[in-house]
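In what follows, a single structure is set out as structure tokens and then discussed.
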Amino acid sequence: MSLHPQHFAPAWLRPHDRGRQEGNARPRGRSHERPGHREAVMDKKELYREAKAAMVNAYAPYSNFTVGAALLTKSGRVFTGVNVENASFGATICAERTACVKAVSEGHKDFAAIAIASSRGGAPMCGICRQFLSEFAPDLKVITGDDEDHLIVTELTELLPDNFRL
Ligand SMILES: [Zn+2]
């Protein structure tokens, strides 16, 4: 696996500037905005937590491998997704693509990062999802790890250097 830890902190992933950038002291979790909306600046740990929380809705009766994903748009919205299996195995869809399809179907295509959590800890994104997400965000940051203190951040271009294009 080509994943390796990186310790950069892009503007949208800065953990400690939230209050200052927003210019107010609004407590976390008290957003009055629409469901699913989050501030534009989001810590990678927070995004990972969203992915982990989403896992509760995973539908994985065949593999028992549950996955949650949280896809952050550049405007600060978060779309979560889970893996949804099917008795016709080929119809199964991954958490990452579920999140992506939810976002695109609501008019959002500008993605900054995706966090992935699973019942086995960190989960590398499968090849189909790499291609699928590279359609919209080749420079996407991919965050995963066994827990929020051991997250690995990789660029999608590293995971899929030569994506298919028409
Ligand atoms: Zn996948």
Label point at H150 placed 7 Å out along Cα→Cβ; residues across region 41-55 whose backbone nitrogen lies under 17 Å = 45, 48-49, 52
Rank the residues L72, L159, L166 as a footprinting-exposure proxy: fewest other Cβ atoms within 10 Å of their Cβ go first.
-> L166, L159, L72
Excluding L156 itself, calculate the net charge of residues whose Cβ lies under 11 Å from the Cβ of L156, where each Lys or Arg counts +1 and each Asp or Glu counts -1.
-> -3
Give me the distance in nm between label points sitting 7 Å out from Cα along the Cα-to-Cβ direction at S63 and F136, one decimal.
-> 2.0 nm
Among the lysines, which have Cα under 16 Å from the Cα of K74 when same-chain residues fewer than 8 positions away are ignored?
-> K44, K102, K109, K141
Fewest-first sequence of T92, T98 by Cβ atoms within 10 Å of each Cβ | T92, T98
If Lys and Arg each add +1 and Asp and Glu each add -1, what is the summed charge of the other residues whose beta carbon sits under 15 Å from the beta carbon of A91?
-> 0
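Every number here is computed from the coordinates shown, using simple stated rules; none is lab data. Since we're looking at a predicted model, the values are computed, not measured. Positions of Cβ are generated from backbone atoms using ideal geometry, with glycine treated the same way; all protein chains shown enter the neighbour counts.
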